[in-house]
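Q: One structure, as structure tokens, below. Some questions next.
The values are calculated or read from the model by the stated rules, or taken from the named source; none is laboratory data. Keep in mind that this is a model prediction, so the values were computed, not measured. A quick note on method: Cβ atoms are made from the backbone with ideal geometry, for glycine too, and the neighbour counts reach across all protein chains shown.
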Amino acid sequence: MIINRIITIKGKVQGVFYRGSTREQAERLGIHGEVMNMPDGSVLLIAEGEEESVSALIAWCHYGPPRAEVQDVTVKEGGIKGYKDFRVIRF
């Protein structure tokens with residue numbers, strides 16, 4: 001079953017290759033969606049895929065890449081958008 005989750009990651013998560021690492025994990029798990037830095041210093045991730053794969057990505061988000069210092073991860077249910085790939089959004 002395909003699910004969509006909106007994940008907010010807080011802590012030292014910008015400037016530590018968090019978005020790029022998230023894309024690598026998502027592609028490895030077959031997840032589509034997008035990830036972006038937010039003005040408040042957090043990272044916003046929208047993940048769409050099989051429930052087991054999305055759960056694995058969420059578990060990874062709690063520690064992230066080596067230089068990240070994750071303090072909090074929140075997950076909300078989102079509506080299916082039909083993403084075709086996984087993108088890093090840069091503003």
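Q: Taking the condition small (G, A, S), at pLDDT 95 or above and surrounded by 17 or more Cβ atoms within 10 Å (Cβ to Cβ), does A59 pass?
A: no
Q: Still on this structure, I have one more. Which one of these is surrounded by 17 or more Cβ atoms within 10 Å (Cβ to Cβ), among the hydrophobic types (A, V, I, L, M, F, W, C) and either out of contact with any Gly (no Cβ under 9 Å at 6 or more places or on another chain) or in a helix (DSSP H, G or I) (or both): V75, V16, V54?
A: V54
Every residue, every condition in (1) out of contact with any Phe, Trp or Tyr (no Cβ under 8 Å at 6 or more places or on another chain); (2) in contact (Cβ under 8 Å) with a residue 40 or more places away in the chain, yes or no:
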{"site": "Q14", "(1), (2)": "yes, no"}
{"site": "G33", "(1), (2)": "no, yes"}
{"site": "P39", "(1), (2)": "yes, no"}
{"site": "A47", "(1), (2)": "yes, yes"}
{"site": "E50", "(1), (2)": "yes, yes"}
{"site": "S53", "(1), (2)": "yes, no"}
{"site": "I89", "(1), (2)": "yes, yes"}
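Q: Report whether or not Y83 is part of a loop (DSSP other than H, G, I, E, B) and in contact with an Asp or Glu (Cβ under 8 Å, 6 or more places away or on another chain).
A: Criteria met by Y83.
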